[in-house]
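*Asks:* Supplied in structure tokens, the structure appears directly below.
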Amino acid sequence: MPIAADSLSLIGTVVAGILTVIVLSFAIKDNAVFRLALYLLIGVSAGYAGAIAIEDVIFPELLLPIIELLSANPEINLVDLAMRTVLTILLLTKLFPRIAPIGNPATALLVGVGAALAIAGAVQGSILPQIGAAGNSFDTDSLRLALLGGYYVEGTGLLIQGGITLLATVGTLAYFHFGTNASDSESAKRPAIMEWLAWIGRVFIPITLASLFAAVLLATLTAFIERIDFLLNLLRSFTAN
Amino acid sequence: MTSLEIGFIALGFALILVFSLLGSGRRNGTFREIKAFSRLRKNIELSVEDGTRLHVSLGRGGLLGPQSAAAFAGLNLLREVSQVASDSDQPPLATTGEAVLALLAQDTLRANYKTLNIGEEFSNRYAQVVGLSAMAYSAGLMSPILDNEVSASALVGNFGEEVGLITTAGQRSRSFTLGGSDGLSSQAILFASANEALIGEELYASAAYLGGSTAQEASLRGQDILRILIALSIIGLALSNLIDVVL
Amino acid sequence: MTYNYSQDPEEQLPDWLKALRNQQDEEPVADETAAEKPAEDTDGSKEEEEEASEIVETNIPQESPPSADVEEETDPDWLAEIRQRHQEDSTADEREIRDDLEDTQPRLISTPPEEKVEEHAPSDEQLSEAFDEMETIESPEPEGEELAPGEVPSWLEALRPAGADKASGPASATQPSPRKERKEEQGPLAGLSGVLPVEPEITQIGGGKSHSGQLEISRIQKQHRSTLEEMIAGQSATSETVSQKVARPKPWLGWLVAGALLLASLLPLLSASESAPLPAANTVPAVSALYDLIEDLPQSAAVLVAFEVQASLYGEVEIAALSVVDHLVEKEAQINIVSTHPTGPALADRLMREGIGETESYLNLGYLSGGMAAIRHFASHPRETNLLPSLWNAPALQDLETLSDFDLLLIISSDADDARAWIEQVGAETSQDMAAVSSAQASPLLYAYLQSEPATLKGLVGGIQGAASYENLRNQDGAARYYWDSYSYVLGAAILLILSIGLYKRILPGEPQQAAQSEEEKP
Amino acid sequence: MSKWRAPFSTAIAMATGILLLISLFVPQLNIVRASLLGWAILLSAVALLLGLVNLFQVHLHNIRNKEKGIYSFVLLAGMITTFLITIVQGREGVLADWLFNSVQVPLESSLVALLAISLTLMAARLIQERKDMASQIFAATLVLILLGSAPIFGLDLPLFSSVITPFISRVLSLGGLRALLIGVGLGTLATGIRILIGSDRPFSG
């Protein structure tokens, strides 16, 4: 049905255009239609996510094996399937506040898995690689080349850059030091050297945050242009017709 | 995993356990001031006094990833907040953008209601999923904040750039917003727009600062030690690399 | 900020740790306070501080009668005090109503001591006494050196609940022991009559100790009073309150920003101008590195694309990704797409169909549910995951058993966390070459991974800027070139707006300054 | 009830977490890892459905109590329609695809576009209202980075684009970024450990 598909596509573009205008209208004034659009988004995205969860996970991982078990498929791992079923049932008790605590073991399992993955992820992904990277703040490969080639000005530049990066890293780390030796809030300051390094951190943290903020701003500005271009093209296609 | 990774994790375990056992938080005195927490307390207190609603938003980080830790930090905060405000005229509202988190938030609130002997007043609606995508989540939070249904919001968990819309709503309605996220971009947005922002690992200290357990305080002590070791390693590595080049 | 000495943090220690810790306490502390006092706490003044502040929460247990959860739900002192105050207020309210309906005789409810205490909880008169008490406690504060200022923070000072005031005041400093006994009321000893004297609670609340009965101050008046006190409670409190009430943004500023950005983006789009210079090729090493990676791919290389794009930033990431994906298609790479976002596969289809115009040269493996856990699982056992199994039997994928069998892993991501998850999890399993195309917002963070040691990310194209460089490298104009002028103008407008709105009040004389954030610890 | 249950759940969380952590570096335990992760993935999908039910309950309650009834009605209508269509047709079905591409994507993209306006205003207000050192450094850095991010009104500012902005992003901000990443990592590690030693128990309802 190519015609129907075309009409659907056209309607879709118009609907998308209207929704875009409605959302952007919030910049002028908060309004009821904007709120309606928000609620529509919540509903549609939730419905979509729920359907995908059933289609891609719950059906193949739970329902299908049960169906296969009922049709006497010998390859089904009974223990595994039993665990899946029990855990699912336990979790479903959370729907009913009175019996919800029965489902705690299921959420506890999720929490345990989450904690383990968090620990592994933090160490493998953030802490150790960044320690390695910060340890190489002086970019030794380039520095070696610069010194070998007699580029002493560049070499000095690399040294200064490395020094700044190193100082920023250590200063920022020191900023987060929680403990103090004071016994009351009046004098609750970090140990002296930490306090000194933390001051450096206080200079570098806003610089880092500003660069991150700038990146988000640039991303959203691009998205803004893309939306305006979309509206412009929609308008053009109407005027052309 | 390499032996270095295993060693680091083991060291983390050991430090937190040792500090927990020693109860070091008491012995060593204070932690540095984090103004965000002082102001959050003030707002909790005002909210309870005024009978207005507190809002704790736990973010949208799933449990099956590193974001789970930020979510757990948010749950700890929720626990502390709900202990004081659950039986007020307007019990606190917990919102999430992740279904598992909503279940945990319900568990947390339910436990507190039971403790306060008002278990029958608990409703699953006090811990809501407000949207299941990043933007839907912020959309779900904008309305109640814009309509002044909450007097103060603590956004503690995993957020992305959408947090900017939430804080914008907070600015428009002039409600207090404290924000802490494990995402660095969202930390930057929160720094620029929230009344108070938690930067870096301050987010994970929220429970300890609001009166958490020995282990929570011990973990701050442990983090301090690990951080010093890390800083020393970084300096040592950098200098040894440098000496290696120069020689 | 002062750490709360006064709570009983051990309550939340895991049971096994508690047991260990109890074993560790060598001192034969006879009473039930043993578990609360660290054995190594020898500093006398500290002890006093602890005791003093612990006394503050003397009345807490009465508010939370022991229940199944109590062992792990101990209030921190400040929260407990607020709640206690609140509950006292509501109790007083209830009493007022009851008094109206029935006689004024206090009814003693039978069993639990806590409830008895509530029955003795303040009437208006008692509240007023308590309020007076508050004054008497607050004023001598400087002289009570054993009560360190940090022990009872100033914010709490203003709202100190009646019972707590009594307990923490000089009078109660002479009777520290009841507090310790009461503390155990919440623990495993709850209910043991020999351990839990009820009377001190009653005497404290019931108020034999009240100093005066001058004014009858109602609850509301008391609230007003405390709010007023709070307002004048000192420099720091004032600055906090002021900074909290940041002015609401003026609506016309929103219109101005929206209008200016709209104009700045529209003008170049309308005129189809392409005058703004693109970033020079080869100036961004990370972009060149990705270009080289793709350029060096063998014929019909197998590329795994982790498409971690959320619908919200699809528009921006599409601009960044088009040129790179087009390059892959040009190199006749076999593109296999996977996503841990439910919406990822649909967006990937959209990119390939609408953006690239390809429907054949890629396989959409679908949605990988389970976030980072699933990535880890997928990285180690790609064939065992829940991705459409039939696709693995496709000729292009038949020989691929592990992720190392792919020639390249390209992460297309709108969010740094998602890209991070792939870098961390795949990096832990294989030494696979990884590169990323990301939204501009994710690129500073991913840059840190580009520079990490060993480098976990080999190349990166971030946002429209990265794409513009990439197009320049390929010598082919694309989406980035199309939007580049608009981008340039919108950026200019944004900078102008930020500076002009931000600075106009400073430049114009006589404008009152808005509330300023204090200059304290905020980094 | 939870008196006996909390220790049991705590034990489960501890055992699961520790087992999974060990299995992450003992290849022989791959089967354990695969099973645990498989169950967790299934459970989070089931939880997502519970989340949907929660959303449904909340908004049904709103409709019944006539609190923002029309909004809640739109939400539920959108949710049920999308859910049913996507379940029946599959993700690639015409209507499901239409709903996704014509409703969800434009709404989300437009909210990000709206965010551009919000962020611009946010930065301006920060300069306007905050006088502390951190905010001033933040504002100055932000403007300097933006000036070198692309040509401004079509004009390239070489000092910014090739010197200042790269220096800020690759030197000045990089050190702080690393430390922030390490800090978040440390917080994550500590939080995870507290759960595995049974101290934090977010499931004990």
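*Asks:* Could you look through region C:447-471, keep only residues that are among the hydrophobic types (A, V, I, L, M, F, W, C) and buried (at least 24 other Cβ atoms within 10 Å of the Cβ), and pick out the one that is farthest from B:ILE234 (Cα to Cα)? Steps first, please.
*Replies:* Here is the first cut: in region C:447-471, the ones among the hydrophobic types (A, V, I, L, M, F, W, C) are C:448, C:450, C:455, C:457, C:460-461, C:464, C:467-468.
From what's left, buried (at least 24 other Cβ atoms within 10 Å of the Cβ): C:448, C:457, C:460-461, C:464, C:467-468.
On the way: C:ALA448: 15, C:LEU457: 21, C:LEU460: 25, C:VAL461: 29, C:ILE464: 34, C:ALA467: 34, C:ALA468: 36 Å.
Only one residue tops the list, namely C:ALA468.
*Asks:* A further question follows. For the condition touching a helix residue (DSSP H, G or I) at 6+ places or on another chain (Cβ under 8 Å), within 7 Å of another protein chain (Cβ to nearest Cβ) and either among the polar types (S, T, N, Q) or surrounded by fewer than 21 Cβ atoms within 10 Å (Cβ to Cβ) (or both), what is the one hit in D:PHE56, D:PHE25, D:PHE73? Break it down stepwise before answering.
*Replies:* Working: D:PHE56 fails: within 7 Å of another protein chain (Cβ to nearest Cβ); D:PHE73 fails: within 7 Å of another protein chain (Cβ to nearest Cβ).
One residue alone meets the criteria, D:PHE25.
*Asks:* Counting just the residues of region B:45-56 that are touching a helix residue (DSSP H, G or I) at 6+ places or on another chain (Cβ under 6 Å) and modelled with pLDDT of 85 or more, which one comes out farthest from the other protein chains (Cβ to nearest Cβ)?
*Replies:* Out of the qualifying residues, it is B:VAL56.
*Asks:* Within region C:322-347, can you find the residues that are assigned to a helix (DSSP H, G or I) and touching a Gly at 6+ places or on another chain (Cβ under 8 Å)? Even if it seems obvious, please write down each step before you answer.
*Replies:* Let us first name the residues in region C:322-347 that are assigned to a helix (DSSP H, G or I), namely C:322-330, C:344-347.
Hits for region C:322-347 are C:LEU322, C:SER323, C:VAL325, C:ASP326, C:PRO345.
*Asks:* Continuing with the same structure: Do the conditions hold for A:ARG190, that is, is it more than 30 Å from A:MET83 (Cβ to Cβ) and facing chain D (nearest Cβ under 7 Å)?
*Replies:* Details: more than 30 Å from A:MET83 (Cβ to Cβ): yes; facing chain D (nearest Cβ under 7 Å): no.
No.
*Asks:* Same structure, new question: Return the residues of region B:108-152 that are outside any helix (DSSP H, G or I) and closer than 19 Å to D:PHE56 by Cβ; say none if nothing qualifies.
*Replies:* Residues of region B:108-152 outside any helix (DSSP H, G or I): B:116-118, B:122-123, B:127-133, B:147-152.
Result: B:PHE122, B:SER123, B:ALA127, B:GLN128, B:VAL129, B:VAL130, B:GLY131, B:LEU132, B:SER133.
*Asks:* Another question, if that's okay. Those residues that are in contact with a helix residue (DSSP H, G or I) (Cβ under 8 Å, 6 or more places away or on another chain) and of a type in the set (Ser, Thr, Tyr), I need them from region D:162-186; list them, please.
*Replies:* Selection gives D:THR165, D:SER169, D:SER173.
*Asks:* Moving on. State yes or no: is D:LEU50 closer than 30 Å to B:ASN117 by Cβ and at pLDDT 90 or above? Give the derivation first.
*Replies:* Values: closer than 30 Å to B:ASN117 by Cβ: yes; at pLDDT 90 or above: yes.
Yes.
*Asks:* While we're here: Might you check whether a residue that is within 7 Å of another protein chain (Cβ to nearest Cβ) and either among the hydrophobic types (A, V, I, L, M, F, W, C) or within 30 Å of C:ALA311 (Cβ to Cβ) (or both) occurs anywhere in region A:64-79? Spell out how you get there, then give the answer.
*Replies:* If we filter region A:64-79 for residues that are within 7 Å of another protein chain (Cβ to nearest Cβ), which is where we start, we get none.
The answer is no; no qualifying residue exists.
*Asks:* Against the condition more than 7 Å from chain A (Cβ to nearest Cβ), under 23 Å from A:ALA219 (Cα atoms), part of a helix (DSSP H, G or I) and of a type in the set (A, V, I, L, M, F, W, C), how does D:ALA116 come out, does it pass?
*Replies:* no
*Asks:* Only one of A:SER126, A:SER137 is buried (at least 24 other Cβ atoms within 10 Å of the Cβ) and touching a residue at least 24 places away in the same chain (Cβ under 8 Å); which? Walk me through it before giving the result.
*Replies:* Details: A:SER126 fails: touching a residue at least 24 places away in the same chain (Cβ under 8 Å).
When all the criteria are applied, what remains is A:SER137.
*Asks:* Do the conditions hold for D:ILE193, that is, is it at the interface with chain A (Cβ under 8 Å from one of its Cβ atoms), assigned to a helix (DSSP H, G or I) and β-branched (Val, Ile, Thr)? Show your work before the answer.
*Replies:* Details: at the interface with chain A (Cβ under 8 Å from one of its Cβ atoms): yes; assigned to a helix (DSSP H, G or I): yes; β-branched (Val, Ile, Thr): yes.
Taking the combined requirement at face value, the residue satisfies it.
*Asks:* Within region C:321-334, identify whether any single residue is under 22 Å from B:ALA136 (Cβ atoms) and either within 14 Å of another protein chain (Cβ to nearest Cβ) or in contact with a helix residue (DSSP H, G or I) (Cβ under 8 Å, 6 or more places away or on another chain) (or both), and answer yes or no.
*Replies:* First, the residues of region C:321-334 that are under 22 Å from B:ALA136 (Cβ atoms): none.
Within region C:321-334, none of the residues are under 22 Å from B:ALA136 (Cβ atoms) and either within 14 Å of another protein chain (Cβ to nearest Cβ) or in contact with a helix residue (DSSP H, G or I) (Cβ under 8 Å, 6 or more places away or on another chain) (or both).
*Asks:* Quick check on D:ILE145: is it β-branched (Val, Ile, Thr), farther than 30 Å from A:LEU19 by Cβ, out of contact with any Gly (no Cβ under 8 Å at 6 or more places or on another chain) and buried (at least 21 other Cβ atoms within 10 Å of the Cβ)?
*Replies:* Details: β-branched (Val, Ile, Thr): yes; farther than 30 Å from A:LEU19 by Cβ: yes; out of contact with any Gly (no Cβ under 8 Å at 6 or more places or on another chain): yes; buried (at least 21 other Cβ atoms within 10 Å of the Cβ): yes.
For D:ILE145, the condition - β-branched (Val, Ile, Thr), farther than 30 Å from A:LEU19 by Cβ, out of contact with any Gly (no Cβ under 8 Å at 6 or more places or on another chain) and buried (at least 21 other Cβ atoms within 10 Å of the Cβ) - is met.
*Asks:* Assuming B:LEU229 fulfils every condition listed in (1) assigned to a helix (DSSP H, G or I); (2) under 15 Å from the mean Cα position of the chain (by Cα); (3) over 25 Å from D:GLN136 (Cα atoms) apart from one, which condition is it?
*Replies:* Going through (1) assigned to a helix (DSSP H, G or I); (2) under 15 Å from the mean Cα position of the chain (by Cα); (3) over 25 Å from D:GLN136 (Cα atoms) one by one, B:LEU229 breaks only (2).
*Asks:* Checking B:ALA154 against (1) small (Gly, Ala, Ser); (2) out of contact with any Lys or Arg (no Cβ under 9 Å at 6 or more places or on another chain); (3) at the interface with chain C (Cβ under 10 Å from one of its Cβ atoms); (4) in contact (Cβ under 8 Å) with a residue 60 or more places away in the chain: exactly one of these is not met. Which one?
*Replies:* It fails just one condition, (3).
*Asks:* Are any residues in region D:142-166 in a helix (DSSP H, G or I) and more than 8 Å from chain A (Cβ to nearest Cβ), and if so, which ones? Before you say what the answer is, go through the steps one by one.
*Replies:* Taking region D:142-166 and keeping what is in a helix (DSSP H, G or I), we get D:142-147, D:158-166.
Residues satisfying the conditions are D:VAL143, D:LEU144, D:LEU147, D:PRO158, D:LEU159, D:PHE160, D:SER161, D:SER162, D:VAL163, D:ILE164, D:THR165, D:PRO166.
*Asks:* Let me ask you something else. Testing A:MET83 on (1) modelled with pLDDT of 90 or more; (2) over 21 Å from C:ALA373 (Cα atoms); (3) facing chain D (nearest Cβ under 7 Å), one condition comes back false. Which one is that?
*Replies:* Looking at each condition in turn, A:MET83 falls short on (2).
*Asks:* A further question on this structure: Restricting attention to region B:87-114, and to residues there that are hydroxyl-bearing (Ser, Thr, Tyr) and farther than 19 Å from B:ASN158 by Cβ, which single residue is nearest to the other protein chains (Cβ to nearest Cβ)?
*Replies:* Taking region B:87-114 and keeping what is hydroxyl-bearing (Ser, Thr, Tyr), we get B:88, B:95-96, B:108, B:113.
Subset that is farther than 19 Å from B:ASN158 by Cβ: B:88, B:113.
Numbers: B:SER88: 6, B:TYR113: 9 Å.
That would be B:SER88.
*Asks:* Here is a follow-up. Tell me, which strands (runs of 3 or more DSSP E) lie completely within region C:406-502 with 2 or more residues that are in contact with a Phe, Trp or Tyr (Cβ under 8 Å, 6 or more places away or on another chain)? It would help to see each step written out before you state the result.
*Replies:* Working: elements: C:408-413, C:434-438, C:459-462.
Result: C:408-413, C:459-462.
*Asks:* On to the next question. D:SER173 - would you say it is within 30 Å of C:LEU267 (Cα to Cα), out of contact with any Lys or Arg (no Cβ under 7 Å at 6 or more places or on another chain) and not assigned by TED's automatic domain parsing to the domain that holds D:SER9? Full working, then the answer.
*Replies:* On the way: within 30 Å of C:LEU267 (Cα to Cα): no; out of contact with any Lys or Arg (no Cβ under 7 Å at 6 or more places or on another chain): yes; not assigned by TED's automatic domain parsing to the domain that holds D:SER9: yes.
Here the answer is no, as D:SER173 does not meet what is asked.
*Asks:* I've got another one for you. Of all residues in region A:107-153, which are over 24 Å from A:THR165 (Cβ atoms), of a type in the set (A, V, I, L, M) and facing chain B (nearest Cβ under 9 Å)?
*Replies:* Pass one, region A:107-153, residues over 24 Å from A:THR165 (Cβ atoms): A:107-121, A:150.
Within this subset, residues satisfying the condition of being of a type in the set (A, V, I, L, M) are A:108-111, A:113, A:115-120.
If the condition is that a residue be over 24 Å from A:THR165 (Cβ atoms), of a type in the set (A, V, I, L, M) and facing chain B (nearest Cβ under 9 Å), then A:LEU110, A:VAL111, A:VAL113, A:ALA115, A:LEU117, A:ALA118, A:ILE119, A:ALA120 are the ones that fit.
*Asks:* Can you name every residue in region A:14-53 that is surrounded by fewer than 21 Cβ atoms within 10 Å (Cβ to Cβ), β-branched (Val, Ile, Thr) and at the interface with chain D (Cβ under 7 Å from one of its Cβ atoms)?
*Replies:* Selection gives A:VAL15 alone.
*Asks:* While we're on this one: If you check every pair at least six apart or on different chains, which have Cβ atoms under 6 Å apart with a residue in region A:79-100 that is under 22 Å from D:PRO202 (Cα atoms) first and a residue that is of a type in the set (D, E, K, R) and part of a helix (DSSP H, G or I) second?
*Replies:* Listed by first residue and then by second, the contacts come to A:ALA100/A:LYS94.
*Asks:* Please go through (1) within 30 Å of B:ALA169 (Cα to Cα); (2) surrounded by fewer than 24 Cβ atoms within 10 Å (Cβ to Cβ); (3) among the β-branched types (Val, Ile, Thr) for B:VAL18 and return the number of the only condition it doesn't satisfy.
*Replies:* Looking at each condition in turn, B:VAL18 falls short on (1).
*Asks:* Between A:ALA215, A:ALA198, which is modelled with pLDDT under 95, in a helix (DSSP H, G or I) and surrounded by 19 or more Cβ atoms within 10 Å (Cβ to Cβ)? Show your work before the answer.
*Replies:* On the way: A:ALA215 fails: modelled with pLDDT under 95.
Testing whether each residue is modelled with pLDDT under 95, in a helix (DSSP H, G or I) and surrounded by 19 or more Cβ atoms within 10 Å (Cβ to Cβ) leaves just A:ALA198.
*Asks:* Now for a separate question. Is it the case that some residue within region C:288-301 is under 28 Å from D:GLU108 (Cβ atoms) and charged (D, E, K, R)? Before the answer, list the steps.
*Replies:* Restricting attention to region C:288-301, the residues satisfying the condition of being under 28 Å from D:GLU108 (Cβ atoms) are C:290.
Remaining after also requiring charged (D, E, K, R): none.
There is no residue in region C:288-301 that is under 28 Å from D:GLU108 (Cβ atoms) and charged (D, E, K, R).
*Asks:* Okay, next question. Working only within region D:123-141, note down all residues that are more than 9 Å from chain C (Cβ to nearest Cβ) and either under 19 Å from C:LEU261 (Cα atoms) or surrounded by fewer than 22 Cβ atoms within 10 Å (Cβ to Cβ) (or both).
*Replies:* Taking region D:123-141 first, the residues more than 9 Å from chain C (Cβ to nearest Cβ) are D:136-138, D:140-141.
Correct list: D:GLN136, D:ILE137, D:ALA140.
The values are calculated or read from the model by the stated rules, or taken from the named source; none is laboratory data. Predicted model only: the values in this text are computed from it and were never measured. So basically every Cβ, Gly included, is an ideal-geometry build from the backbone, and we count neighbours across all protein chains shown.
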